[in-house]
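The values are calculated or read from the model by the stated rules, or taken from the named source; none is laboratory data. Remember, predicted model here, so these are calculated numbers, not experimental data. With ideal geometry, Cβ positions are generated from the backbone for all residues, glycine too; neighbour counts draw on all protein chains shown.
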Amino acid sequence: MIAIYARQSVERENSVSIETQIDYCKAAIKPDEKQAGIKIYKDHGASGGNTNRTGFKEMIKDIKNGCISKVITYKLDRISRSLNDFTVILQVFKEHGVEFVSSQEAFDTSSVYGDLILKMLIVFAEFERTSIINRVKDAYSKRSDIGLYMGGRRQYGFNLKDDFINGIQTKILVPDKNELSQIIYIFNYYSAQNTSLRSLAENLNLNTITPLNGTVWSSSKLSAIIKNPVYVKADINVYRYYESMGVKIVNSPSLFNGTYGARLYGRTTHNSSLSDWSDMKLVLCRHKGVINSETWLKCQLKLDKNRRFGSSVSNKSSYISGSIICSLCGSLMTTVKSPKSDGSFRRYFICPQKSHKKTCEGCICTIYADDLENFIDKCIYEKLLQIKSEYEKNSALNKTYINRIKSRLKDIQLQQDKLADIILNGSINNDLLSSLNRKANALSLEKNNILNTLDNFKTKKNAESGSFLPCQKWFEAGLSQKKAIFQLLVKKVIIFKDGSCEIIWNI
Ligand SMILES: [Zn+2]
């Protein structure tokens, strides 16, 4: 059985509703998991500061009884806000073979990078950095994230039909056979060698096939169709394509199984020299795609290649873009492509106030994106090592302290035994007896305190067991994982006039 756990916080207003959280969790369930059954556990108005929550306790009971194979939650902090609690809970999951998935942090405990990101998130959970602004955004973007129709014109090849999803009225795309056969023709034609958008348009117009809202086909109309992921049978390669463009992908990679079409939401910040896809979101739809991913991707590459020679639109996002700040004017620096002599391109960061409005001097040298990325790569690795060593140092200090109080515990036990002997065997007067009793009480109080302290350390030790952060994995991580870790660790990177930079850390 799959467990969905939702908790509404008491800590903050504007927090995401239980229903929204459940919608997100449901969207993270893989199709083949649905028959296993789903059980939903809820805690209204409960704090994440402790685990004394009705729904939560019920879920742990079911886990211990072996009924649950996977726990899905909206965000990690729904489970717990405390590092100690969290790691103890994860231990319980592990012991009972339960996988753990967070719908918003895009990882699960069964994947390699999931482990790295998870361990880091646990560290940051203690710092309580979650902003209210993010939460409001969550609620706003919900409709698109669960694949609901967001309005807009009808797409060539599909008609709109009223439908319900999770009780919300929406629309579903229904295929139009005639139009879809044109779509297939368009993709097959354009993916072939030595064809162009112009020759495709001429061909279609000769055959008196008319597009929507217009009488003739044009290159721009065709390019819009070819770029649209609504037609593709979205699989893992399509996922990777959008991932490499810096698009945020709502569904997990495992759902990209080559069956369904997808939609792209959001706006590109776009002008003549740059385009940033990092505000775009891709979400899987519920209608079936018609173009296989190989053909579709072939067409994207062809479009991208032709576009590159037309205008210099950047087609690859860097994991650091969106966090690089010009020290002179405070603007967010953007990436621009510059051609190299061998025909390839190199990206560099520039202050937009310098490149467009000429109101900022900017820095005196070129900040190449790959140089800056390499530098930040190394800094992040060192930061991870530093976090790791701080944890290890702490646990070494704790060990010395534990040994000291453990030997004190032995002392107390010896003294208690001695006192018991005196009281039982000696003939002693009342004055001495009451003084001995006071002494015995003081000893047992101290003993209890020590036992409590040892208990606390035991929980902490679980939290720190094993090598705490697999730092080396940082270099192997993909773009979206790096971006997630980077955004957790780094507040911003400031570029100074002389081209030097300073990283402002979150931790
Ligand atoms: Zn500037």
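Is there any pair with a first residue in segment 358-379 that is within 14 Å of the ligand (Cβ to nearest atom) and a second that is part of a helix (DSSP H, G or I) whose Cβ atoms are under 7 Å apart and which are 6 or more apart or on different chains, and what are they?
Between residues of segment 358-379 that are within 14 Å of the ligand (Cβ to nearest atom) and residues that are part of a helix (DSSP H, G or I), the close pairs are Thr359/Gln353; Cys360/Gln353; Cys360/Lys354; Glu361/Lys354; Gly362/Lys354.
Criterion first (within 16 Å of the ligand (Cβ to nearest atom) and at pLDDT below 85) does Ser321 satisfy it?
So Ser321 passes the test.
Have a look at Lys388, Lys393 and point out the one that is farther than 15 Å from Val490 by Cα, free of Cβ contacts under 8 Å to residues at least 24 places away in the same chain and either away from the ligand (no atom under 16 Å from the Cβ) or assigned by TED's automatic domain parsing to the domain that holds Ile485 (or both).
After applying the criteria, what remains is Lys393.
Could you tell me whether Val216 is surrounded by 15 or more Cβ atoms within 10 Å (Cβ to Cβ), modelled with pLDDT under 85 and not assigned by TED's automatic domain parsing to the domain that holds Arg346?
Taking the combined requirement at face value, the residue does not satisfy it.
Is it the case that segment 58-71 has a residue that's assigned by TED's automatic domain parsing to the domain that holds Ser9, touching a Phe, Trp or Tyr at 6+ places or on another chain (Cβ under 7 Å) and surrounded by fewer than 17 Cβ atoms within 10 Å (Cβ to Cβ)?
yes
If the requirement is being outside any helix (DSSP H, G or I) and in contact with an Asp or Glu (Cβ under 6 Å, 6 or more places away or on another chain), which of these qualifies: Gly66, Gly48?
The unique qualifying residue is Gly48.
Report whether or not Tyr348 is touching a strand residue (DSSP E or B) at 6+ places or on another chain (Cβ under 7 Å), among the aromatic types (Phe, Trp, Tyr), within 16 Å of the ligand (Cβ to nearest atom) and assigned by TED's automatic domain parsing to the domain that holds Phe475.
Here the answer is yes, as Tyr348 does meet what is asked.
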